[in-house]
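Single-structure report; data block below.
Each reported figure results from applying straightforward, stated rules to the coordinates on display, with no laboratory input. The structure displayed is predicted, hence computed values, not measured ones. Note that we place each Cβ from the backbone using ideal geometry, even for glycine, and neighbour counts take in every protein chain shown.
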Amino acid sequence: MLTESFPKLNDCRAVRFLRAFFRSRYYIALIVALMVCSELFGAELFVYYSYFLFMAVALLFTEDTLAVVPPAVCGYMTFSAKNNPVLFPDTAVFSKPAAATALIVVLILIGVFLVSRLIFELVKRPKKGFPKLTVGFLVLGVAYLVGGAFSGHYSARTAFFGAVQTLSLCLFYFYFYYTVDWKNTDKSYLFEVFTIVGVGMLVEIGGMYFGKDVFSASGVNRDKLFTGWGVNNNVGCVMAMCMPAPFWFSATDRRAWGFSVLGCCFYLGVLLTQSRTAMLFGTLLFCACIAYTLVCSRGKQRVGNAIVFGVVILAMVVFVAAFQEEFNKLFYSVIRDEFGSRGRLEIYQACWEVFLSDPLFGVGFYASPGALVGHPGIITAPEGVFLPPRAHNTYVQLLASTGTFGFFAYFYHRFETIALLFRRPSKEKTLIAFSIAALILTSILDCHFFNFGPAILYSILLVFAEKRSESAEETELIPLKKRKATLC
């Protein structure tokens, strides 16, 4: 923004350096490293103020808001277990008024800068028309807001929760649509972000194994695998959403085999979360990524990729066969639970009965079937509880909470997203579709679509799928080091 008011700043070497830095993978790596430090060591406030500082400088001096993408992706995965007030109400830093106030202040500051830059972009460089998914998001948002209407369970907090759910799904979709210079955004940028975030997620997954009571005489207890921002199921979903990213480089970069190794490591990370849903659908997506890579790569690249995949699959088979006892201990609780639903079938049945009681708009998000909390009838979440019990299935949740209206609103939105992803298909959109599929598929047996972090990732994936595919051609097979940051 400042360069518009003071054009001579465009010729300043420091400004040119900042613009190059904020579009580089070094900046992305720094943001991810801060994310990991925050989650592992409880340095949230330091990291949030660091994020604010980076974003403030970027929003003032860079040509667009692309530098906001890495903090937007990473922000949800910064919360540490030690500072989670639900897990440790007596010792968590955010249980203290001073820390809570500091958190609110930095969020307000970030919001002020983001809104200011949005207004600037809309005034200085107005864009015509609306994004392709506008109607679908609008209809789905209305369904979330009116979910539970006329059921006797509707309240202001129901509408507020629906609004927050809607914003998490579409806020960054609209924001980046209008504020990023898409013509000068490299096609590989999104995949760089998700690849580096995936490396950070591997570190966080490793950190989960250092938690208390994770290891027992029988083996690993996956119920003790959690972070401050989610249990192993949540971590598995995000890791699965990151997994397709390195395969973009496997198919488009001359150093393909190294990224294929990294993609296999991401799949191993999905398995190590020990989330059965993520393991199941992550395996399907891993196979799809292998097929994508072998089809899209050429010549020596294809041979190198095929060798990597063959060696990895063989190594997995040998490990399971030769180290059966260690394998059984590592995945002890997964094997113990086998295909048990952990009460999901009872919850689905209860949600269906709730839907039949109010089929048009459902009962809202805070009035949950008693099966979710172990009581008969419908239980209203206590006042002061922001995240209500949820049904561990997107479609059952929609029927119970938003009724027929919400159910069909969701499918209208899904129709728009499918049309966006599969009309004029490209390599880029295919891998973005894989990442989105990770969220949609794992949400069949979990509640990820109604979690704010995955929803934010979803919104960013959608806007990149829409805007980068409009004007960009297929990426050429060139080394990463020859790709240059765009400077104004």
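Taking N as the number of residues in segment 197-302, what value does Rg over Cα atoms divided by 2.2 N^0.38 Å take? Walk me through the intermediate numbers first.
Details: Rg = 15.1 Å, N = 106, 2.2 N^0.38 = 12.9 Å.
So segment 197-302 has a normalised radius of gyration of 1.17.
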Sorted by chain and number, the residues with a modelled amide H under 5 Å from that of residue 379, at a separation of 5 or more or across chains, are 368, 370
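Place the peptides 329-336, 136-143 in order of packing, highest mean first, counting for every residue the other Cβ atoms within 10 Å and averaging per peptide. Each step should come with its number before you reach the end.
Values: 329-336: 16.8, 136-143: 20.8.
For the peptides 329-336, 136-143, the packing ranking is 136-143, 329-336.
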Compute the length gained on full extension between residue 344 and residue 300: take 0.36 nm times their separation in residues and subtract their Cα-Cα distance, giving the result in nm to one decimal. 11.1 nm
Along the charge dipole of the chain, Cβ charges K/R +1 and D/E -1, which of 270, 243, 160 sits furthest on the positive end? 243
Between residue 215 and residue 163, how high is the FRET efficiency from 1/(1 + (r/R0)^6) when r is the Cβ-Cβ distance and R₀ = 51 Å? Nearest 0.05. 0.75
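Let a ≥ b ≥ c be the square roots of the eigenvalues of the Cα gyration tensor of segment 43-178; is it rounded (a/c under 1.5), or, if not, prolate (a/b larger than b/c) or oblate?
Values: a/c = 2.44, a/b = 1.06, b/c = 2.31.
Because a/c hits 1.5 or more and a/b fails to exceed b/c, segment 43-178 counts as oblate.
Using helices alone, what [θ] at 222 nm do you get for the chain, with -39,500 (n - 2.57) per DSSP H run of 4 or more residues, divided over all residues and rounded to the nearest 500?
Values: 20 runs with 313 residues, N = 488.
Rounded to the nearest 500, the figure is -21000 deg cm²/dmol.
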Which residues in segment 162-201 place their backbone N less than 14 Å from a point set 7 Å from the Cα of residue 130 along the Cα-to-Cβ direction? 174
Pick out, from 91, 420, 295, the residue whose Cα sits farthest towards the positive end of the charge dipole of the chain, with +1 on the Cβ of Lys and Arg and -1 on the Cβ of Asp and Glu. 295
FRET efficiency for residue 90 and residue 20, using Cβ-Cβ distance with R0 set to 51 Å, rounded to 0.05: 0.65
List the residues of segment 141-163 whose backbone N lies under 18 Å from a point placed 7 Å from the Cα of residue 383 along the Cα-to-Cβ direction. 153-161
Given unit charges at Cβ for Lys, Arg (+) and Asp, Glu (-), the dipole magnitude of the chain about its Cα centre in debye, nearest 20, is 1580
Span per principal axis, largest first, for the Cα atoms of the chain (Å): 69, 58, 48
Mind checking which of 364, 409, 324 is farthest towards the positive end of segment 314-429's charge dipole, using Cβ charges of +1 (Lys, Arg) and -1 (Asp, Glu) about the Cα centre? 409
Here the gain from full extension of residue 323 to residue 181, 0.36 nm per residue of separation minus their alpha-carbon distance, amounts to 45.9 nm
Find the all-direction average of the projected area of the Cα convex hull for segment 1-95, expressing the result in square nanometres with one decimal place. 6.4
Potential extension, residue 415-residue 255 segment - 0.36 nm per residue separation minus Cα distance: 53.9 nm
Debye calc, one equal point scatterer per Cα of segment 230-368, no solvent, log10 I(q)/I(0) at q = 0.09, 0.20 1/Å comes to -0.41, -1.14
